[in-house]
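Here is the structure we will look at, set down as structure tokens.
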Amino acid sequence: MNIEGIIEKQRGFFHSNRTKDIRYRTEQLKKLQQLLKENESLLYQAINADFGKSMFDTFMTELSLVYHEINKALKNLKKWSSPKRTTSGLFLFPGKSYIIPEPLGNTLIIGAWNYPYQLTLIPAISALAAGNTVLLKPSEMAAESSKALAHIINRNFPSEYFYVIEGGVDETTALLNNRFDKIFFTGSSQVGKIIYEAASKQLTPVTLELGGKNPTFVFADSPIKMTAKRLVWAKFLNAGQTCVAPDYVLVESSIEQSFLQAMKDEIEMRFDKNKLTENYTRIINTRNFDRLVNLIDQNKIFTGGFANRAERYISPTILQCVSFSDHIMKDEIFGPILPVIPFTNLDETIAQVKSKPKPLACYIFSKDRRKTAQILTEISFGGGSINDSVMHLANTNLPFGGVGLSGIGSYHGQAGFDSFSHHKSIYEKPFWFELKLKYAPYSKRKLSLIKWLLE
Ligand code: NAD
């Protein structure tokens, strides 16, 4: 089926008002949940073929989040979609005011490859829950996962409601030549700009979920072993190919050596040293493998640095004595390499972080509330965790998204529903009373009364 044909069908289907029915939305979400459960083994196999991701990781970081999002939407759909009353004020007496959430219409969701299921399905769940049609374009870089999604969705949902279009730049460019009521994009800031420009031609609203270099502050008062444990998990999950992974660590100089050693011990405990293990994901392709290997400064390796191109494997790698001017500090790393920068002066370090684009996430390990508050106040970033890393993403009560170059808008839970809805504001007035004040002829007395009422 051609792209224009599907878009036309989706437009017609939305205008039929079928998706306005809450029962229809509920049925479709339950159907999606059922289909994913029935096809779990296909989903596990596909993602494993793409980049060696284990069943455990796939469940924990992809499917469990998707199921949770469906359950949350099913539980709250009525509440989220019902009109909300608000006050009107004396001047508007005896009217009432309320806000009706309504679906935006035909939506396009473009996904990234690194979490190919949750980055496409979670926004799709929000869009369907809010009563939209969905055209989904997964990343071609996780080709098998993309194929699995197309197989599951296109065989089971009417194409005029929910459809997967596979492909890369050409297909996305062709899609962007059409008018949508919402575009939701997850990917790099560079491509985000292309999407934003295309959307601007039709003034299409966008949510852009982008990347960035996420700083992590480790202060001398934090328990070193526990900090290392949480950071090693967060950084090397998905082999560092996580948008909210800690990109670099800023550690107080006084604990630099003991912190580095604790990270090394933790890596050795969790991963077989220099060996390929089932628990550890591969790099998505050789282009990214080569890019990452080039980022490893051999003189600065504290641990790791082992790479096998045929297997697209890079062992968990920590670089020491790094400074802000190093090559690795230029762009988002997006792989299993963690540069560690020692610092002594917090104000100067905050200024360095602020000289870079606003990150998607930031992490602070400290028991000192003043230092934590200083960072939270002074640095702008999408979201983060204190004394942990990545885990804020798992709470669907927290809107997830970036700021500045790391993104526009947010989703997860109600934030997702809202980002696929228009909030229609209504003032409703009965006929039995009319205040004469606003009508001519005007007078000084009327003006002072209006002033009293409206200020
Ligand atoms: P990418 O920007 O290369 O690709 C994302 C999508 O855009 C893909 O579907 C791809 O087919 C499409 N695309 C690529 N080039 C295009 C072009 N020229 N024109 C139109 N469409 C194009 O990103 P990626 O490599 O898939 O993902 C990695 C990036 O995504 C990282 O920067 C990461 O931080 C970010 N990311 C962000 C989040 C988040 O939630 N904020 C989540 C995951 C990944």
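A dipole drawn for the chain from +1 and -1 charges on Cβ atoms has a positive end, and of S448, G404, H423 the residue lying farthest that way is S448. Look at the dipole of the chain built from charges on Cβ: of A307, F91, F334, the Cα furthest out on the positive end belongs to F91. Put a plus charge on the Cβ of each Lys and Arg, a minus charge on the Cβ of each Asp and Glu, and nothing anywhere else: the dipole of the stretch 339-455 about its Cα centre is then about 800 debye.
Computed from Cα atoms, the angle from the helix 224-236 axis to the main principal axis of the chain rounds to 70 degrees.
Subtracting the Cα-Cα distance of T377 and E40 from 0.36 nm times their residue separation leaves 117.0 nm of extension gain.
Kindly identify the chain as rounded, prolate or oblate by the Cα gyration tensor criterion: order the square roots of the eigenvalues as a ≥ b ≥ c, call it rounded if a/c is under 1.5, otherwise compare a/b with b/c, prolate if a/b is larger, else oblate.
On the way: a/c = 2.36, a/b = 1.43, b/c = 1.65.
It is oblate, given that a/c is not under 1.5 and a/b is not larger than b/c.
Here's how it looks for I341: its modeled amide H is under 5 Å from those of V249, L250, V251, which are all 5 or more places away or on a different chain.
The magnitude of the dipole of the stretch 17-62, with charges of +1 and -1 set on the Cβ of Lys/Arg and Asp/Glu and taken from the Cα centre, is near 420 debye. Restricting attention to the chain, close to 35% of DSSP beta bridges with both partner residues there are antiparallel.
Packing, as the average of other Cβ atoms within 10 Å across residues, places the peptides 305-311, 433-439 in the order 305-311, 433-439, highest first. By DSSP, the beta bridges lying fully in the stretch 215-399 are antiparallel in about 20 percent of cases. Report the antiparallel proportion of the DSSP beta bridges in the stretch 70-152 as a percent, rounded to a multiple of 5. Once the DSSP bridges in the stretch 70-152 are tallied, antiparallel ones form about 40 percent. Label 7 Å along Cα→Cβ of F433; the stretch 87-109 residues with amide nitrogen under 18 Å? From the stretch 87-109, the list is 87-98.
I'd like the distance between the alpha-carbon centres of the stretch 379-437 and the stretch 190-241, rounded to an integer number of Å. Using only Cα atoms, the two centres lie 19 Å from each other. For the chain, the dipole from Cβ point charges (+1 on Lys and Arg, -1 on Asp and Glu) about the Cα centre works out to 2140 debye, to the nearest 20. Ranked by the mean number of other Cβ atoms within 10 Å per residue, highest first, peptides 445-452, 121-128, 30-37 order as 121-128, 30-37, 445-452.
Distance between the C-alpha centres of the stretch 19-68 and the stretch 289-358: 34 Å, rounded to the whole angstrom. Helix 40-51 and the long axis of the chain differ in direction by around 50°, with both axes built from C-alpha atoms.
Dipole orientation for the chain: of the candidates L393, T281, Q257, L393 has the Cα lying most toward the positive pole (charges on Cβ; Lys, Arg +1; Asp, Glu -1).
In deg cm²/dmol, rounded to 500, what helix-only [θ] at 222 nm does the chain give when every DSSP H run of at least 4 residues adds -39500 (n - 2.57) and the total is split over its residues?
On the way: 16 runs with 185 residues, N = 455.
That comes out to -12500 deg cm²/dmol.
With the largest listed first and rounded to whole Å, the semi-axes of the equivalent ellipsoid of the stretch 215-399 from the Cα gyration tensor are 25, 17, 17.
Throughout, read-outs are computed from the coordinates displayed, never taken from laboratory work. Just so we're clear, the structure is a prediction, and the values are computed from it rather than from any experiment. Don't worry about glycine lacking a Cβ; one is built from the backbone with ideal geometry, like all the others, and counts go over all protein chains shown.
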